[in-house]
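The values are calculated or read from the model by the stated rules, or taken from the named source; none is laboratory data. The shown structure was predicted, so the numbers you read here are calculated from the model rather than taken from an experiment. No Cβ is skipped: glycine too gets one built from the backbone with ideal geometry, and neighbour counts run over all protein chains shown. Side chains are part of the model used for accessible areas, which takes the heavy atoms of the whole protein and leaves out ligands, DNA and RNA. Shrake-Rupley method; radii C 1.70, N 1.55, O 1.52, S 1.80 Å.
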Amino acid sequence: YTILSKVHSDRNVYPSAGVLFVHVLEREYFKGEFPPYPKPGEISNDPITFNTNLMGYPDRPGWLRYIQRTPYSDGVLYGSPTVENVGKPTVIEITAYNRRTFETARHNLIINIMSAEVDFPLPYQAEFFIRNMNVEEMLASEVLGDFLGAVKNVWQPERLNAINITSALDRGGRVPLPINDMKEGVYVMVGADVPFSSCLREVENPQNQLRCSQEMEPVITCDKKFRTQFHIDWCKISLVDNTKQVSTFQEVIRGEGILPDGGEYKPPSDTLKSRDYYSDFLITLAVPSAIALVLFLILAYIMCCRREGVEKRNMQTPDIQLVHHSAIQKSTKELRDMSKNREIAWPLSTLPVFHPVTGEIVPPLHTDSYDNTSMPLMQTQQ
């Protein structure tokens, strides 16, 4: 196949800073750019993957994430734009790869980040951990809308927005086991313009804090409003009140730019005095070498000059002890020679009855007139 690359027209989006941004990369949008199946009439279902990066860079901006589970599912770009990027167009290059024909299609996504409507749009922020959801399931508009509706019923704010969504795997979570349709979990941060409700404040009770420390589920009165669709881990909820945060900014006091007087600088002399290293050589090499030589001579005298030979040992040993020793050695040698010359046949009790290959009955090795009454049952091992 010929690998082609087709470029779509640019697409502009206008997200707001501090509000969740979700953009779906639909596979159907790119299928028209790839050739159909060789057989006419078949439905095209080619595996398609996407690659996203900031124009001129190999990766995306820090606030933007991308996920696609399989080549047969849509890709999703999501994240929360920051205030620092307001007014700066962010161009994301999106490249679609057809894994069947190895063709590519490309278009640019221009993200124009807008400023928030008011100065402090979301001063009260709460982050929930949902255990029975994956990030791509939570990014669906209907699922996210159901969750925000449940939060609104509990919180009763005038204004409620989703700020950010993060997978539990990005927070150090483990990949779940592929059993019982287990989910990886997702963190959802929402913000409102009114203080937290009494139901959300129940997590801060000492009784619930104690239950969380003991890895027990806390008692929350409004949990039943989420339980039908969302399983909330109330021990991992985070409540942030930006109106009570104390500013840590400290005014920098600038000085006059003059260093304190530390006296007159005295550089080292240009001429260095010569030094005699002969004494250092003696202490480092000569003295240890002399000590090692003396120890070697003492050891050589003990090992060579103080050695007692066999003749001196025999002269100092009594004659009767030497005779006993020689007799024992001679008797031991005779017994060993006798044991080597014995040729006694094995007893019949230890011989096989059947041939190991043919299975026929093996005749005895001895005749009937052979006297085996004096033969031992077990022969001594050599």
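Distances between placed amide hydrogens fall under 5 Å for residue 193 paired with 158, 159, all partners being 5 or more residues away or on another chain. Most tightly packed first, judged by the mean number of other beta-carbon atoms within 10 Å of their residues, the peptides 296-303, 51-58 read 51-58, 296-303. Taking amide H as placed 1.01 Å from N in the peptide plane, residue 75 has its amide H under 5 Å from the amide H of 25, 27, each at least 5 places away in sequence or on another chain. With 5 Å bins beginning at zero, the pair-distance distribution over Cα atoms of segment 4-111 amounts to 2, 11, 22, 23, 17, 11, 7, 4, 2, 1, 0 %. Stretched out straight at 0.36 nm per residue, the stretch from residue 140 to residue 212 would grow longer than its current Cα-Cα span by 22.9 nm.
Listed by chain and number, the lysines placed with their C-alpha closer than 28 angstrom to that of residue 183 are 152, 224, 225, 236; residues fewer than eight positions away on the same chain are left out.
Here the average projected area of the convex hull drawn through the C-alpha atoms of segment 99-225 stands at 12.3 nm².
With protein chains left intact and a 1.4 Å probe, residues in segment 84-202 average 48 Å² of accessible area per residue. Peptide packing: for 185-191, 271-277, 334-340, the average count of neighbouring Cβ atoms within 10 Å per residue gives the ranking 185-191, 334-340, 271-277, highest mean first.
Surface composition of segment 4-111: carbon plus sulfur atoms hold 54% of the accessible area, using a 1.4 angstrom probe and ignoring ligands, DNA and RNA. Split the accessible area of segment 122-242 by element, probe 1.4 Å, and carbon with sulfur accounts for 49%.
Cα centroids of segment 199-243 and segment 126-151: 16 Å apart. In this structure, the amide hydrogen of residue 69, modeled 1.01 Å from its nitrogen in the peptide plane, lies closer than 5 angstrom to no residue at least 5 positions away or on a different chain.
From most to least packed by mean Cβ count within 10 Å, the peptides 282-293, 82-93 give 82-93, 282-293.
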